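**Q** The structure's right below; bear with me while I get my questions together.
What follows is calculated from the coordinates using simple rules that are stated; it is not laboratory data. In this text the structure is predicted, and so the values were computed from the model without any measurement. A quick note on method: Cβ atoms are made from the backbone with ideal geometry, for glycine too, and the neighbour counts reach across all protein chains shown.
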Amino acid sequence: MPFLTTDDGVKLHYEESGSGTPIVFVHEFAGDWRTWEPQVRHFSRRYRCIAYNARGYPPSEVPADVERYSQQRARDDILAVLDALHIERAHIVGNSMGGFATLHFGIAYSARALSLVIAGCGYGAHPDQYATFQAQARDLAKTMLEKGMVHIAATYGHGPGRLPLRDKDPRGFAEFVRQFSEHSAQGSANTMLGYQARRPSLYNLTADMARITAPALIVAGDEDDAVLEPSLLMKRTIPTAGLVVLPKSGHMTNLEDPALFNRLLEDFFHQVEAGRWSPRTP
């Protein structure tokens with residue numbers, strides 16, 4: 001089982017398949033490296049695919065100290081993956097929590113990204129929702145420690161943004177719930193407290209986002225209400241960004257409609273690699 005070590009000494013588990021131009025997949029809060037299986041199976045035919053588990057997600061290490069979890073750490077853990085695997089530049093693909101990490105990676109390390117795919121990004125970012133989201137994250141962490149991940153998977157895991165997957169692919173949804181229930185309650189709670197509950201609002205980062213130079217694709221589901229306006233904000237702010245909204249889709253677009261998701265990414269990668277994805281005219 002392969003591991004790499006971050007610059008602050010945390011061991012992260014990763015899986016690698018295929019060869020060629022590298023793609024790094026960054027999972028959401030309720031997922032792990034297995035969430036990207038439909039993408040890894042597809043893209044590893046022509047690309048070098050790396051999917052890893054974030055800190056707090058076994059078999060990656062679960063630091064006990066909440067202070068070792070943050071937006072900055074999630075951002076820098078992507079960089080640690082690239083450095084440990086001797087990858088100078090890669091396509092970075094993230095969903096939800098992983099989308100936030102991908103966005104922040106683009107802000108800090110655009111030169112290391114061939115491109116950025118920022119999917120399902122924006123929960124709690126709107127100023128009207130920000131304080132409520134932070135409070136809910138703290139409450140959810142408490143519930144994880146008190147009632148465990150089976151309870152969380154049966155409640156939080158059945159939230160409105162996830163029900164489109166249940167309706168489209170009941171078998172896939174059952175697999176998602178099972179995998180979510182296997183997560184570490186301590187690691188998930190620490191992620192909620194250290195990362196989710198403290199990450200900055202996107203609406204306070206517009207000047208930073210405007211400096212991103214890597215090609216970017218924003219992906220949202222049209223039934224994922226909390227990410228629609230933040231996705232428009234990113235599209236309007238990031239000079240290199242394009243936006244795609246998938247119809248009748250929720251929060252897990254890569255699992256709900258994997259063929260469509262893969263085709264959109266594949267076209268985006270080809271445009272980038274051909275030098276045809278340029279910043280829009282001001």
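**Q** According to a simple spin-label model (label point 7 Å from Cα along Cα-to-Cβ), what is the distance in nm between A111 and D222?
**A** Going by the 7 Å Cα→Cβ label model, 4.2 nm.
**Q** Ignoring everything except DSSP H segments at least 4 long, calculate the 222 nm mean residue ellipticity for the chain; use -39,500 (n - 2.57) per segment, divide by total residues, nearest 500.
**A** Numbers: 11 runs with 125 residues, N = 282.
When only DSSP H runs of four or more count, the value is -13500 deg cm²/dmol.
**Q** Using r as the Cβ-Cβ distance of T206 and L79, and R0 as 25 Å, what FRET efficiency do you calculate, to the nearest 0.05? Don't skip to the end; give the middle numbers.
**A** On the way: r = 23 Å, r/R0 = 0.92.
Calculated transfer efficiency: 0.60.
**Q** Taking the simple approach of a point 7 Å from Cα along Cα-to-Cβ for both E273 and E67, what is their distance in nm?
**A** 4.5
**Q** K168: which aspartates and glutamates have alpha carbons under 20 Å from its alpha carbon, excluding same-chain residues fewer than 8 sequence positions away?
**A** E28, E37, D222, E223, D224, D225, E256, D257
**Q** Expressed as a whole number of Å, what is the distance separating the alpha-carbon centroids of the range 93-118 and the range 36-68?
**A** 14
**Q** Same structure, new question: Please rank K147, K235, fewest neighbouring Cβ atoms within 10 Å first, as an exposure proxy.
**A** On the way: K147 13, K235 18.
Listing K147, K235 from fewest to most nearby Cβ atoms yields K147, K235.
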